[in-house]
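So the structure is just underneath, and the comments pick up after that.
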Amino acid sequence: MKKQLLKQALSLGMAAALLVGCSGGTTGGGTDNGSSDTEKQEQTDNTTGTEAGATADASGVKVGVSMPTKDLQRWNQDGANMQEQLEAAGYTVDLQYASNDVQQQLSQVENMINNQVDVLVIAAIEGSSLGEALDMAKSAGIPVIAYDRLLMNSDAVSYYATFDNYMVGTVQGQYIIDQLDLDNADGPFNLEITAGDPGDNNALYFYNGAMDLLKPYIDEGKLVVKSGQKDFEDVATAVWATETAQSRAENILSSYYADGTNVDAWLCSNDSTALGVENALAANYNGEYPIITGQDCDIENTKNMIAGKQSMSVFKDTRTLAAQVVKMVTQIVNKETVDVNDTDSYDNGVIKVPSYLCEPVFADASNYKELLIDSGYYTEDQLK
Ligand code: BGC
């Protein structure tokens, strides 16, 4: 029965993976707290009686899932998907949210370790602040999967599952280039930039992905950042807060665009920050509406895309990521080789963490129905 459920969950996960291009990876790598690669290979060879990915008995296996906050939409979906898919596979789940409070997340993870979870899945608020808990996990022999955000400065991280973060940025940057037709149009065009949380390793990847493409146009003078705020430190948004992004955008608009000058494009690293910029524009701007990028396809932002107030977003199907992580958990528990497709990109300052990168997907008003409604991610009513 359990095996049947697990098989169903895995095939659902695989279908979702195919849908948004969470491509099959090579296998290997891993610092599986306590079992060397050779051991793992031998263990894999000894599991011929077990169907690929199926756990002999998941019921006794406890998985701790630590999520950063309920305040930003996606983590509620990530948490719910993880819980649902892990439970469908027969695991016992301890799911905790930490209200974007680093100390709270630290003590929640420590409690999970004291309660003897078998595997930890952590989406950190701040990648570098869970060191103590990670050390505890390592001493207790508990494998740790970094979920979406890399856990930094620790050798206790076994695996990382995420979306291709640099690619998210390149999709956003390329969109601005194409929409403004930067290779043909004379310009100059005005650009402003809003990035993410400096404590989140992903934020710099998004920023760099976009800026690596946009910077040549800035250097050439075709893109002008009137505020002068271009460096990551100047454009970052603590904990990705909409209000913080909004007040910075209000300052920029009143200082540099009050005379009716157009902002032609506003690079926003994700939807919560894009929403802040959109709120600021609604209250403080009379020029032509800019191109605005985003990420996550949050409900409010998808509504804004439909209404023409946000140009695009990047869809990261949280069901796909959850399915990939459930697969990782099962492979770890079964002592099988864990699927990864990148062993080089994610150096956390101490080790290169074997990673599985899912592919992010471009979204705008022309394809949101297919991506979000037909796939069952949202109902039509949720977007009204
Ligand atoms: C995630 C993004 C998200 C942001 C804020 C990042 O770590 O990768 O998808 O928009 O956090 O929640």
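Among residues of region 313-342 that are over 17 Å from ALA88 (Cβ atoms) and β-branched (Val, Ile, Thr), those with a beta-carbon under 6 Å from a residue that is assigned to a helix (DSSP H, G or I) and modelled with pLDDT under 95 at least six positions away or on a different chain give the pairs THR337/LYS40; THR337/THR44. Within region 223-245, the residues that satisfy the criterion of being more than 16 Å from the ligand (Cβ to nearest atom) and open to solvent by less than 30 Å² (accessible area, probe 1.4 Å) are LEU223, VAL225, SER227. Pairing each residue of region 216-241 that is among the basic types (Lys, Arg) with any residue that is part of a strand (DSSP E or B), provided the two are 6+ apart or on different chains, yields C-beta distances under 8 Å for LYS222/PHE189; LYS226/ASN190; LYS226/GLU192; LYS230/ILE193.
Test VAL93 against the stated conditions and say whether it is within 16 Å of the ligand (Cβ to nearest atom) and more than 17 Å from the chain's Cα centre (by Cα).
no
So which of ASN251, ASN190, ASN208 ends up being open to solvent by 10 Å² or more (accessible area, probe 1.4 Å), part of a strand (DSSP E or B), of a type outside the set (D, E, K, R) and modelled with pLDDT of 95 or more? Lay out the reasoning, then the answer.
Working: ASN251 fails: part of a strand (DSSP E or B); ASN208 fails: part of a strand (DSSP E or B).
It is ASN190.
Anything in region 328-373 that is part of a helix (DSSP H, G or I) and open to solvent by 50 Å² or more (accessible area, probe 1.4 Å)? List them, or say none.
If the condition is that a residue be part of a helix (DSSP H, G or I) and open to solvent by 50 Å² or more (accessible area, probe 1.4 Å), then LYS369, GLU370 are the ones that fit.
I need a count of the residues in region 162-214 that are among the polar types (S, T, N, Q) and out of contact with any Ser or Thr (no Cβ under 8 Å at 6 or more places or on another chain). Lay out the reasoning, then the answer.
In the first step, residues of region 162-214 are kept if they are among the polar types (S, T, N, Q); the result is 162, 165, 170, 172, 174, 179, 184, 190, 194, 201-202, 208.
Going one step further and asking which of them are out of contact with any Ser or Thr (no Cβ under 8 Å at 6 or more places or on another chain), we end up with 165, 170, 174, 184, 201, 208.
Qualifying residue count, region 162-214: 6.
The criterion of being within 16 Å of the ligand (Cβ to nearest atom) and in a loop (DSSP other than H, G, I, E, B) holds for GLY199.
Within region 254-280, how many residues turn out to be touching a helix residue (DSSP H, G or I) at 6+ places or on another chain (Cβ under 7 Å) and either away from the ligand (no atom under 16 Å from the Cβ) or not in a loop (DSSP other than H, G, I, E, B) (or both)? Show your work before the answer.
First, pick out the residues of region 254-280 that are touching a helix residue (DSSP H, G or I) at 6+ places or on another chain (Cβ under 7 Å): 254, 264-280.
Among the residues that remain, those that are also either away from the ligand (no atom under 16 Å from the Cβ) or not in a loop (DSSP other than H, G, I, E, B) (or both) are: 254, 264-268, 271-280.
Total meeting the criteria: 16.
Taking the listed residues GLY30, GLY34, the one that is more than 16 Å from the ligand (Cβ to nearest atom), open to solvent by 50 Å² or more (accessible area, probe 1.4 Å), modelled with pLDDT under 95 and not in a helix (DSSP H, G or I) is GLY34, with no other qualifying.
Within region 286-302, restricting attention to residues that are assigned to a loop (DSSP other than H, G, I, E, B) and open to solvent by less than 50 Å² (accessible area, probe 1.4 Å), the residue that is farthest from ASP200 (Cα to Cα) is GLY287. Please indicate, with yes or no, whether at least one residue in region 278-285 is under 30 Å from LEU130 (Cβ atoms) and surrounded by fewer than 19 Cβ atoms within 10 Å (Cβ to Cβ). Among the residues of region 278-285, not one is under 30 Å from LEU130 (Cβ atoms) and surrounded by fewer than 19 Cβ atoms within 10 Å (Cβ to Cβ), which makes the answer no. Scanning region 160-187 for residues that are open to solvent by 70 Å² or more (accessible area, probe 1.4 Å) and part of a helix (DSSP H, G or I) yields TYR166, GLN174, ASP178, GLN179.
Do we find a residue being away from the ligand (no atom under 16 Å from the Cβ) and farther than 26 Å from THR242 by Cα anywhere in region 163-179? So that I can check it myself, show each step before the final result.
Residues of region 163-179 away from the ligand (no atom under 16 Å from the Cβ): 173-179.
When the remaining residues are screened for being farther than 26 Å from THR242 by Cα, the result is 178.
The answer is yes, given that some residue of region 163-179 is away from the ligand (no atom under 16 Å from the Cβ) and farther than 26 Å from THR242 by Cα.
Within region 83-135, being touching a Lys or Arg at 6+ places or on another chain (Cβ under 8 Å), farther than 13 Å from PRO68 by Cβ, without any contact (Cβ under 8 Å) to a residue 60 or more places away in the chain and open to solvent by 30 Å² or more (accessible area, probe 1.4 Å) holds for THR92, ASP94, ASN115, GLN116.
Based on what the data block shows, is LEU213 farther than 30 Å from MET136 by Cα, open to solvent by less than 10 Å² (accessible area, probe 1.4 Å) and away from the ligand (no atom under 16 Å from the Cβ)? Quick ask: steps written out before the conclusion?
Numbers: farther than 30 Å from MET136 by Cα: yes; open to solvent by less than 10 Å² (accessible area, probe 1.4 Å): no; away from the ligand (no atom under 16 Å from the Cβ): yes.
It is false that LEU213 is farther than 30 Å from MET136 by Cα, open to solvent by less than 10 Å² (accessible area, probe 1.4 Å) and away from the ligand (no atom under 16 Å from the Cβ).
I'd like to check something: does region 136-156 contain any residue that is at positive phi, open to solvent by less than 10 Å² (accessible area, probe 1.4 Å) and either modelled with pLDDT of 95 or more or not in a loop (DSSP other than H, G, I, E, B) (or both)? Can you show your working first?
Going through region 136-156, the residues at positive phi turn out to be 141, 148, 153.
Subset that is open to solvent by less than 10 Å² (accessible area, probe 1.4 Å): 148.
Now drop any that are not either modelled with pLDDT of 95 or more or not in a loop (DSSP other than H, G, I, E, B) (or both), which leaves 148.
Within region 136-156, one or more residues are at positive phi, open to solvent by less than 10 Å² (accessible area, probe 1.4 Å) and either modelled with pLDDT of 95 or more or not in a loop (DSSP other than H, G, I, E, B) (or both).
Of all residues in region 259-281, those being modelled with pLDDT under 95 and small (Gly, Ala, Ser) number 1.
Number of residues in region 50-82 that are over 13 Å from the mean Cα position of the chain (by Cα), buried (at least 16 other Cβ atoms within 10 Å of the Cβ), aliphatic (A, V, I, L, M) and at pLDDT below 95 equals 2.
The values are calculated or read from the model by the stated rules, or taken from the named source; none is laboratory data. As the structure is a prediction and not an experimental result, all values here were calculated from the model. In this analysis, Cβ positions are derived from the backbone assuming ideal geometry, glycine residues included, and neighbour counts consider all displayed protein chains. What goes into the accessible areas is simple: the full protein's heavy atoms, side chains included, and nothing from ligands, DNA or RNA. Shrake-Rupley method; radii C 1.70, N 1.55, O 1.52, S 1.80 Å.
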